[in-house]
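Okay, so here's the structure we're looking at.
The values are calculated or read from the model by the stated rules, or taken from the named source; none is laboratory data. As the structure is a computational prediction, the values presented were derived from the model and not from experiment. Counting neighbours? That spans all protein chains shown, and the Cβs are built from the backbone with ideal geometry, glycine included. Only protein heavy atoms, including side chains, enter the accessible area calculation; ligands, DNA and RNA are left aside. Shrake-Rupley method; radii C 1.70, N 1.55, O 1.52, S 1.80 Å.
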Amino acid sequence: MYSIITHLYKVAKAGTLAILQIILRRGLGQKAKKMLLLCLMKDIKNILAEASVGSAITAKGWVRTKRETKNAIFIELNDGSSFNGLQCVFDAHGLSKENAAALSRSNTGAALSVSGTLIDSPASGQAVELKADSVTVIGECPADSYPLQKKAHSLEFLREIAHLRPRTNTIGAAARMRDEMAYAVHSFFHERGFRYIHTPIITASDCEGAGEMFQVTNLDLDALVKSGQPADYAKDFFGKKAYLSVSGQLNVECYALALGKVYTFGPTFRAENSNTTRHLAEFWMIEPEFSFAELPDNMALAEEFIKYLFGWAMERCGEDLAFFDKRVQPGLIAMLEEVKNKKFAHMSYTDAVKELEKKSSSFEFKPYWGCDLQSEHERYLTESVIGGPVIVTDYPKELKAFYMRLNEDGKTVRAMDVLVPRIGEIIGGSEREYRYDVLLENIKAKGLDPEPYWWYLELRKFGSAPHSGFGLGFERLLRYVTGLENIRDVIPFPRAVKQAEF
Ligand code: 4AD
């Protein structure tokens, strides 16, 4: 009996639930009964989607709102499984002493267990509601000190209570979408035969060569300062200087040149002093890398990837996306739809600069060939010149990292940045320099010491092959699909300049 019930639990849908309820009323062993009760106590998401009217239901969650009228007490219970909560309605006249006492302690934020019968809702806000007959307070929430009251709170304020903010509509929806998008990333690559590689977080080499790394050490810094002596890194934990990685690319390239198609997806760290709505000191990056692939293959993969992710968001995040579209960024869904259906434009850096020069006076930073494209330039290109996503390629070598393949002109590299409306750069990538001598020259020309890159250089000695890849900042993607302006609202616990609380 136990194994049958376990199986039913796994496949339980509305119909099976009704059958299980009938079984429950018959005599059962303790173990089977427990399993069945678990089955009947589904997430609110499942209850709303598939439980049948007339079912006995127990729901657990937190009080979002409590409202009392002469005849009824309404509690909106939310367990985080979906945007919508379950409306639980108590008859104000027939309340037992226990229920009345529990309801008086059921403030906003309190954790409750509510049991009753699912009925068609007579009100317009929801299809079904719980005609509640018993309530237990699992965890109280004192109204005088709970910071999340019924009124709307600003996102700035919510950042100061990052431990509680996932209980709000906006941050809860962002967290569910983050989870869905992470699933979409793995699904996209696995459908295409890419292997997931876990690259290290601690590294001795600077992938971007920009010197924006956080150092990792267990030397006693206070003692060092007191002694006035320089640090001896041979005595440090790793026997040399070590850092938090700015990118998994160099490591994932080793696996691309062995397994063919790979990707890494993990946290990366940048000690850049950019206190903006687009930068974090700790962010997650998705980095595919594939062998025997050149820049056009890379551009095609990036376009397919973005479209897949947007399609996934529209298919799988309905309620949450609808909320963002209504309350945060009107027109969001239409914008995602448009990007998904539009062919991405291609433009060389040189042509991009020509376009920018036509409007030179309207920019804060004057554009010229050789300038780093600023956010205002990127947005102008994608929003005004193209009116949709654009992939800009072949940047001056001085602007880009040492690992990018040098073009025949000796001046530009096979780099690509994917720019999208409202955000600007969302993806950065390139074909990699796979010729040993040219790579060594590039490293030296950038003023970098080739020594820590010895193993990376060796990949070009032993069976080198053209290969390409890119990096998508996961939080930049999430800003796009949620419409949230500040990157700190799409990551649970943001790390930025002077921000490492929680
Ligand atoms: O252009 P970036 O620096 O490229 C790399 O790190 C390469 N190693 C990627 C590769 O080719 N495998 O960064 C890639 C992306 C950017 O396009 C942006 O989306 C995001 O990472 N990004 C940041 N996101 C949040 N905060 C920051 N400080 C970011 N810096 C880059």
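Condition check: in contact with a Gly (Cβ under 9 Å, 6 or more places away or on another chain), in the same structural domain as residue 432 (by TED's automatic domain parsing) and on the phi > 0 side of the Ramachandran plot. Does residue 193 satisfy that? So residue 193 passes the test.
Quick check: is even one residue across segment 104-113 part of a helix (DSSP H, G or I), within 16 Å of residue 89 (Cα to Cα), without any contact (Cβ under 8 Å) to a residue 60 or more places away in the chain and open to solvent by 20 Å² or more (accessible area, probe 1.4 Å)?
Yes, that holds for at least one residue.
Answer yes or no as to whether residue 208 is closer than 29 Å to residue 394 by Cα, part of a strand (DSSP E or B) and within 16 Å of the ligand (Cβ to nearest atom). Against the criterion (closer than 29 Å to residue 394 by Cα, part of a strand (DSSP E or B) and within 16 Å of the ligand (Cβ to nearest atom)), residue 208 does not qualify.
What about residue 170, is it more than 15 Å from the ligand (Cβ to nearest atom) and open to solvent by 40 Å² or more (accessible area, probe 1.4 Å)? No: the conditions fail for residue 170. Of the residues making up segment 428-438, those that are in a strand (DSSP E or B) and more than 8 Å from the ligand (Cβ to nearest atom) are 431, 432. Taken as a whole, segment 483-494 holds no residue that is in contact with a strand residue (DSSP E or B) (Cβ under 6 Å, 6 or more places away or on another chain) and over 30 Å from residue 406 (Cα atoms).
Being open to solvent by 40 Å² or more (accessible area, probe 1.4 Å), in contact with a Cys (Cβ under 9 Å, 6 or more places away or on another chain) and either within 14 Å of the ligand (Cβ to nearest atom) or at pLDDT 95 or above (or both) is a property that residue 195 lacks. Condition check for residue 158 on (1) outside any helix (DSSP H, G or I); (2) farther than 29 Å from residue 55 by Cβ: one failure, at (1). Checking each residue in segment 249-269 for being free of Cβ contacts under 8 Å to residues at least 60 places away in the same chain and near the ligand (Cβ under 8 Å from one of its atoms) picks out only 268. Taken as a whole, segment 366-389 holds no residue that is in a strand (DSSP E or B) and in contact (Cβ under 8 Å) with a residue 24 or more places away in the chain.
Screening residue 465 on (1) farther than 24 Å from residue 213 by Cα; (2) open to solvent by 40 Å² or more (accessible area, probe 1.4 Å) shows it passes everything except condition (2).
Within segment 408-427, is even one residue assigned to a strand (DSSP E or B), more than 13 Å from the ligand (Cβ to nearest atom) and not small (Gly, Ala, Ser)? Lay out the reasoning, then the answer.
Looking only at segment 408-427, we keep the residues that are assigned to a strand (DSSP E or B), and these are 412-420, 424-427.
If we keep only those that are more than 13 Å from the ligand (Cβ to nearest atom) too, we end up with 412.
Next, only the ones that are not small (Gly, Ala, Ser) stay: 412.
Within segment 408-427, one or more residues are assigned to a strand (DSSP E or B), more than 13 Å from the ligand (Cβ to nearest atom) and not small (Gly, Ala, Ser).
Here segment 211-240 is the region considered, the condition is being closer than 19 Å to residue 449 by Cβ, hydrophobic (A, V, I, L, M, F, W, C) and open to solvent by less than 50 Å² (accessible area, probe 1.4 Å), and the residue that is farthest from the ligand (Cβ to nearest atom) is 231.
Quick grid of which residues meet (1) open to solvent by less than 50 Å² (accessible area, probe 1.4 Å); (2) at pLDDT 95 or above; (3) among the acidic types (Asp, Glu):
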{"residue": "371", "(1), (2), (3)": "yes, yes, no"}
{"residue": "389", "(1), (2), (3)": "yes, yes, no"}
{"residue": "396", "(1), (2), (3)": "yes, yes, no"}
{"residue": "415", "(1), (2), (3)": "yes, yes, no"}
{"residue": "428", "(1), (2), (3)": "yes, yes, no"}
{"residue": "433", "(1), (2), (3)": "yes, yes, yes"}
{"residue": "445", "(1), (2), (3)": "no, yes, no"}
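Which residues, counting only those in segment 284-298, are within 13 Å of the ligand (Cβ to nearest atom) and under 20 Å from residue 403 (Cβ atoms)? Scanning segment 284-298 gives 285, 286, 287, 288, 289, 290, 293, 295, 298.
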